[in-house]
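Below is one structure, written out as structure tokens; the observations come after it.
The values are calculated or read from the model by the stated rules, or taken from the named source; none is laboratory data. Here the structure is a predicted model, which means the values were calculated and not measured. Backbone-built Cβ (ideal geometry, glycine too); neighbour counts: all protein chains shown. All accessible areas refer to the heavy atoms of the entire protein, side chains included, with ligands and DNA or RNA removed. Shrake-Rupley method; radii C 1.70, N 1.55, O 1.52, S 1.80 Å.
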Amino acid sequence: MGSVVWGCVTDFFTYETTKSVVVKSWSVGIINRIVQLLIITYFVGWVFIHEKAYQVTDTGIESSVMTKVKGFGYHNNRVMDVADYVFPPQVCDLIPPLFLSHIPGVITGACIKNANEPKGWCEIEGWCPAENDSVTVKPMLDVKNFTIFIKNSIRFPLFDVTRGNFPSSMTSDQIKRCTYHPEQNPFCPIFRVGDVLNYTGQDVADLSAKGGEIGINIQWKCNLDQSIEKCVPQYSFTRLDAPFAKNAVSKGYNFRFAKYFKTDNGTEFRTLHKAYAIRFDVMVTGNAGKFDTIPTLINLVAAFTSVGLGTVLCDVILLNFLKGADQYKAKKFEEVVCFLLHTVTWIF
């Protein structure tokens, strides 16, 4: 028992050091270099694809958006302008068609019954007349020629960088004459409604029946190691309510609003509208990155450490699968036993 314990103690207090053995083998040498090349290639490609590998990134974007709609159209033989078809003000809800509507009212608790009638009615206090869904109004299809001006400013607080969605050198005349196009004019802030709908595969005629919600996404993806002028927005468009387009209920987009007035005798009236509208939601996303030394060093160390995997793989092959494996083991592993010599000096 004592010898076993002593053996464990001596095995624990041992030191292992690497021993280099040069093996001149074409097959193993080729495998080693191929594995190392693949690891280095993978690392370099990964760094270039994933910017976070060498950048510090700011995703806490701060943004503000202002919109302004312009255009004229005819509706029920009347000229319509911004005050008529944008509701509420400064928000992009364009109203091509209008329908009359009502609110049912509040039950007062009183029963109205004629003397010669066996049954009565529950009294309701509300606005008259009641809603008539059969009354429709022809939509104002001129909306496709309206324009939406979008003014977007963003800030990356980590780097204290601010940008706008159109160049500061752009003059007022240039803005008035331009129209956004993804290739010919990608930085123009004026968007034609018909073009936006076409980018999403929609048109005014399809949306006039029940309305719809259109998303305008402004994406900022900025590499701040490059010129700040290359930090520019990219626009994309989608129909946000597409999952409900084929639903039997609650499809499209609509809302109610009322206009009030009084007659000379003090009687209050209102016109209640149910509007099936095109709603434009402007969404801003983005991130900014800049070179940072610390993550770069960490990834470089990881890459060079991974290169050693080629040696591990080649050792496995040499020790187990090639001819002369025993000879290689004998060369690679050598056990040296150290003896403690006591020197005794005799003095006469």
Out of Lys144, Lys151, I need the residue that is open to solvent by 50 Å² or more (accessible area, probe 1.4 Å), touching a residue at least 24 places away in the same chain (Cβ under 8 Å) and under 30 Å from Asn287 (Cβ atoms). Which one? Lys151
Would you mind finding the one in Lys221, Lys246 that is out of contact with any helix residue (DSSP H, G or I) (no Cβ under 6 Å at 6 or more places or on another chain), over 19 Å from Thr67 (Cβ atoms) and surrounded by fewer than 11 Cβ atoms within 10 Å (Cβ to Cβ)? Lys246
Could you please tell me which pairs satisfy a Cβ distance under 6 Å, a separation of 6+ or placement on different chains, a first residue in the range 108-129 that is open to solvent by 80 Å² or more (accessible area, probe 1.4 Å), and a second residue that is among the aliphatic types (A, V, I, L, M)? Trp121/Ile112; Cys122/Ile107; Ile124/Ile107; Glu125/Val106
Hey, can you tell me all the residues within the range 252-262 that are among the aromatic types (Phe, Trp, Tyr) and outside any strand (DSSP E or B)? Tyr253
Residue count for the range 154-167, restricted to those that are surrounded by fewer than 19 Cβ atoms within 10 Å (Cβ to Cβ), in contact (Cβ under 8 Å) with a residue 24 or more places away in the chain, in a loop (DSSP other than H, G, I, E, B) and of a type outside the set (A, V, I, L, M): 2
Take the residues in the range 176-220 that are part of a strand (DSSP E or B) and over 21 Å from Arg163 (Cα atoms), then tell me which one is modelled with the lowest pLDDT. Gly212
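If I ask for residues that are surrounded by fewer than 16 Cβ atoms within 10 Å (Cβ to Cβ) and out of contact with any Gly (no Cβ under 9 Å at 6 or more places or on another chain), which ones from the range 282-291 would you list?
Scanning the range 282-291 gives Thr285, Phe291.
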List, please: which pairs have Cβ atoms under 6 Å, are six or more places apart or on different chains, and start with a residue in the range 216-238 that is under 25 Å from Asn198 (Cβ atoms) and end with one that is among the aliphatic types (A, V, I, L, M) and in a helix (DSSP H, G or I)? Phe237/Val196
Anything in the range 263-281 that is exposed (fewer than 10 other Cβ atoms within 10 Å of the Cβ) and either assigned to a strand (DSSP E or B) or small (Gly, Ala, Ser) (or both)? List them, or say none. Gly266, Glu268
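Which residue out of Asp173, Asp195 is out of contact with any Gly (no Cβ under 6 Å at 6 or more places or on another chain), loosely packed, with under 15 Cβ neighbours inside 10 Å and closer than 30 Å to Pro233 by Cβ? Write out each step before concluding.
On the way: Asp195 fails: loosely packed, with under 15 Cβ neighbours inside 10 Å.
It is Asp173.
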